[in-house]
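Please read the structure below before turning to the comments.
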Amino acid sequence: MQQRFSNPVLMKELKLRFRTLKSFSGLMFYLFLLFIFVGGFLSVFTQFTGTGFFRPNESFIMFAVISILQMALVMFITPGLTAGAISSEREKQTLNILLTTTQSSTQIIIGKLLSSIAFLILLLIAGLPLYSVVFLFGGVSPVQLTTIFLFYLLTIVAIGSIGIMFSTITKRTIVSMIATYGGMIFLGAVTAFLFFVGISFETFGGMPIPTSGGTPPSSPVTYFWAAINPGALMLTILYPESGTQLANMTGISFPVWITYLIFYFAITVVCLMIAIRKLRANMKHNR
Amino acid sequence: MIEIKGLTKKYGSFLALDHFELTVDEGVVCGFVGANGAGKSTIFSILATLLSPTAGDALINGQSVIRESAEVRKQIGYMPDFFGVYDQLKADEYLDFYGASYGIPAEKRKVLIPELLELVNLTDKRYEYVDLLSRGMKQRLCLARSLIHDPKVLILDEPASGLDPRARIEMRDILRHLKSMGKTILISSHILPELAEMCDEIVVIDSGKLIAHGHVESIQAQLQGDKRIKVKVLNRLADARAFFEEDPFISGLEILENKQEVAFTYKGTDEDQVELLRKALLSNIPIYSLTVEEKDLEDVFMAITKGVDY
């Protein structure tokens, strides 16, 4: 049974990844950034109040900003960890040997993805003590924290899958890296830009956004750009009223998190399927 | 055991393999000889299930490398001409990873790994990082890796390339041992005398086509063509020259006075050669030595690949 569920690529990758100084220094750097931010935030706010205490609403602001910062960091790190997964094996001339073993393409791809995700999860868990400083001051519920972490995980898996796909279909790691960062920038920034363009177009196009009452004009494309943007999702989780505001602007009241979940799940499935099919691209019959 | 049926591979307009047909029986060590780009590595890649042919098929133990590639992988051990290793793995971990990749249980791997390291003389390097090993050691470790699932067929693409003479001899000894274990081995090499010494059969390939296939001696004979004969004569070189010049099967006659030698190319059969010698003795030509220059595999290779750029 244990044999059945074991994944040699995953075990090997974990061993290799955690042995390198690069991983250790990456983790240190990540925690250092979080520490600087949390420490800086606390010292700045306590100085402003001059009282040395922290109100729950200020604690929540810190939580919100840390959450968005962490999402940005995770989005930035994930392509670097996954975009070389297969192409670096190709460059090191270890891929051909791996492909002649009895491991299926699915096992190899999943092993590569899981090992990268494992490191990112370690980053998130290692950052939890700093993150949990907010609980000292109140204003944040554990449910909110859990929801945020689940969406981190979904985003990591989806961007990781994009990285693995590019790593499989391109021959060189640098090309794969550029393509994956391109994908990440599209999801993180271009979608936000397109959302604002959509909103502006509708506003200046003579379709006023109702402030109260009335049915807003339906704009599914604009809604879609907002719904697949990780920043917009974070806002709707942290500030549920922003979700209502978005519904007012786009005329679509479907919860953003559900659209996000469906879209990122679909991206994951499609990218992994492409990667699995293309891993043994020179063979007509793949597994 | 291995049947290659009309294997054809095209890369764009370049024909790398052209209706290649070959059968290799079980337990045979078969050496592939050919110039760079002749198609050896393409055949090996197809047999190793890394490449699909444009046409044709290859069967290993009756299983198609195209349709039953997963089953074929269980039966082959492949060593490519160029390969890399993982930086942060030790020799035993390297073998353990590939053992696990072939689905060998952990308990069995624990027993198997020391045995394989001993087979390739790397027992003392068990806990060394793989990337710190010498090239020869890496080659031997890669060979051990290809044996970890006890495959019936070994596909070794230039296993001795880039090795110093000592490492080459060590590799040759290991291959001899594998041969004695009854493995079917397909091996390509540019070190042809070693191939001739080690292989039961030789396949000569050029421009993706099979030029010759058979036992080493028969291949040499097939490709031998004209013989070069050197005759050492005591003093009467001029008489010897006059005598040999009259023979219709002789051409390219040379007199090497400092060696007291007449050298010529002979087109006749072995029977004609016997008759020539008999006549020479009857004509009182004082022959004290006659040597037929045998072409070795290197000469055969050079003859076949004449004009091919490297």
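The values are calculated or read from the model by the stated rules, or taken from the named source; none is laboratory data. Note that the structure is predicted; figures quoted are calculated from it, not measured. We place every Cβ from the backbone using ideal geometry, glycine too, and count neighbours over all the protein chains shown.
If I filter the range B:22-40 for residues that are within 14 Å of another protein chain (Cβ to nearest Cβ) and either at pLDDT 90 or above or surrounded by fewer than 23 Cβ atoms within 10 Å (Cβ to Cβ) (or both), do I get at least one hit? Looking through the range B:22-40, none of the residues is within 14 Å of another protein chain (Cβ to nearest Cβ) and either at pLDDT 90 or above or surrounded by fewer than 23 Cβ atoms within 10 Å (Cβ to Cβ) (or both). Scanning the range B:42-73 for residues that are polar (S, T, N, Q) and under 16 Å from B:Ile185 (Cβ atoms) turns up just one, B:Asn61.
If the condition is being at the interface with another protein chain (Cβ under 7 Å from one of its Cβ atoms) and assigned to a strand (DSSP E or B), then the range B:77-106 contributes only B:Tyr78. Counting only residues that are in contact with a helix residue (DSSP H, G or I) (Cβ under 8 Å, 6 or more places away or on another chain) and among the basic types (Lys, Arg), which one in the range B:109-132 is farthest from the other protein chains (Cβ to nearest Cβ)? Per the criteria, the residue is B:Lys125. Taking residues in the range A:97-111 that are farther than 16 Å from A:Ser87 by Cα and at the interface with another protein chain (Cβ under 7 Å from one of its Cβ atoms), and partners anywhere that are assigned to a loop (DSSP other than H, G, I, E, B) and hydrophobic (A, V, I, L, M, F, W, C), the pairs with Cβ atoms closer than 9 Å and at least 6 places apart or on different chains are A:Thr100/B:Ala48; A:Thr100/B:Leu50.
Within the range B:147-164, if we keep just the residues that are of a type in the set (Gly, Ala, Ser) and without any contact (Cβ under 8 Å) to a residue 40 or more places away in the chain, the residue that is surrounded by the fewest Cβ atoms within 10 Å (Cβ to Cβ) turns out to be B:Gly162.
The set of residues from the range B:42-71 being farther than 21 Å from B:His19 by Cβ and either surrounded by 22 or more Cβ atoms within 10 Å (Cβ to Cβ) or facing chain A (nearest Cβ under 7 Å) (or both) comprises B:Ser69, B:Ala70. Determine, yes or no, whether A:Leu16 is at pLDDT below 90, assigned to a helix (DSSP H, G or I) and either under 30 Å from B:Ala91 (Cα atoms) or basic (Lys, Arg) (or both). It is true that A:Leu16 is at pLDDT below 90, assigned to a helix (DSSP H, G or I) and either under 30 Å from B:Ala91 (Cα atoms) or basic (Lys, Arg) (or both).
Conditions tested, residue by residue: (1) under 19 Å from B:Leu178 (Cβ atoms); (2) in contact (Cβ under 8 Å) with a residue 24 or more places away in the chain.
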position: B:Asn61; (1), (2): yes, yes
position: B:Glu71; (1), (2): no, no
position: B:Asp92; (1), (2): no, yes
position: B:Phe97; (1), (2): no, no
position: B:Pro105; (1), (2): no, no
position: B:Lys108; (1), (2): no, no
position: B:Tyr127; (1), (2): no, yes
position: B:Leu133; (1), (2): no, yes
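Of all residue pairs spaced 6 or more apart or on separate chains, those with beta-carbon atoms under 6 Å, a first member in the range B:189-209 that is on the phi > 0 side of the Ramachandran plot and at pLDDT 85 or above and a second member that is among the charged types (D, E, K, R) and part of a strand (DSSP E or B) are B:Gly208/B:Asp18.
For the range A:156-177, which positions are β-branched (Val, Ile, Thr) and crowded, with 24+ Cβ neighbours inside 10 Å? Please lay out each step first, then the result.
Applying the first criterion (β-branched (Val, Ile, Thr)) to the range A:156-177 yields A:156-157, A:159, A:162, A:164, A:168-170, A:173-175.
Within the range A:156-177, A:Ile156, A:Ile159, A:Ile162, A:Ile164, A:Thr168 qualify.
Against the test of being surrounded by 15 or more Cβ atoms within 10 Å (Cβ to Cβ), aliphatic (A, V, I, L, M) and closer than 26 Å to B:His213 by Cα, the options B:Ala144, B:Ala167, B:Ala196 yield a single qualifying residue, B:Ala196. All of (1) in a loop (DSSP other than H, G, I, E, B); (2) more than 9 Å from chain A (Cβ to nearest Cβ); (3) among the polar types (S, T, N, Q) hold for B:Thr8 with one exception: (1).
Does at least one position in the range B:102-118 carry a residue that is more than 22 Å from A:Pro8 (Cα to Cα) and modelled with pLDDT of 90 or more?
Quick first cut of the range B:102-118, residues more than 22 Å from A:Pro8 (Cα to Cα) only: B:118.
Okay, now just the ones that are also modelled with pLDDT of 90 or more, so B:118.
Yes.
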